[in-house]
1. Helix-derived [θ] at 222 nm for the chain: sum -39500 (n - 2.57) over DSSP H runs of at least 4, divide by residue count, nearest 500?
2. So which residue, out of 88, 19, 62, gets the largest mean-square fluctuation from a GNM of the chain using Cα contacts under 10 Å as springs?
3. Just 51, 103, 81 to compare: in a GNM of the chain, with alpha carbon springs under 10 Å, which one fluctuates most?
4. Does the chain come out rounded, prolate or oblate by the C-alpha gyration tensor, with a ≥ b ≥ c the root eigenvalues, rounded set by a/c under 1.5 and, if not, prolate when a/b is larger than b/c and oblate if not?
5. Where is the GNM fluctuation largest for the chain (alpha-carbon springs, 10 angstrom cutoff): 43, 78, 14?
6. By how many degrees, 0 to 90 and rounded to 10, does the Cα axis of helix 83-99 deviate from the longest principal axis of the chain?
7. Just check the stretch 10-56 against the gyration tensor rule for me: Cα atoms, a ≥ b ≥ c as the square roots of the eigenvalues, rounded for a/c under 1.5, and otherwise prolate or oblate depending on whether a/b exceeds b/c.
8. Taking the chain as the reference, fit the longest principal axis to its C-alpha atoms, fit the long axis of helix 67-79 to the helix C-alpha atoms, and give the angle between the two in degrees, 0 to 90, nearest 10.
């Protein structure tokens, strides 16, 4: 259903669906990850909530070391303005992707985003 809502450009409907899912299955890493990513990346200010996205993503990453979940944590941290922590999370995501033998294209894409994030850090 989330895919259907997104396909219709009903991002709010997608988030409502994920909110219902996380209320019913609060320990679901998959639902929590999708909700965190949605809250971190929404262009709709009434939906976007990077702070909550960080809380959700951190909870998931405490229990599961997974490249996708660490990637979402990095996205949420970046959206919340914590670039150093976003760099750290994305670096860990890349490490986990390598351990899991993720595809070269996925790793290259994460490395590209890592370079972009690092370029926004203050020069010391």
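Nothing in this text is a laboratory measurement; each read-out follows from the coordinates by a stated rule. Owing to the predicted nature of the structure, the values given are computational and were not obtained by experimental measurement.
1. Details: 7 runs with 93 residues, N = 124.
About -24000 deg cm²/dmol.
2. Fluctuation is largest for 62.
3. Highest fluctuation among the options: 103.
4. prolate
5. 43
6. 90
7. oblate
8. Result, in degrees: 90.
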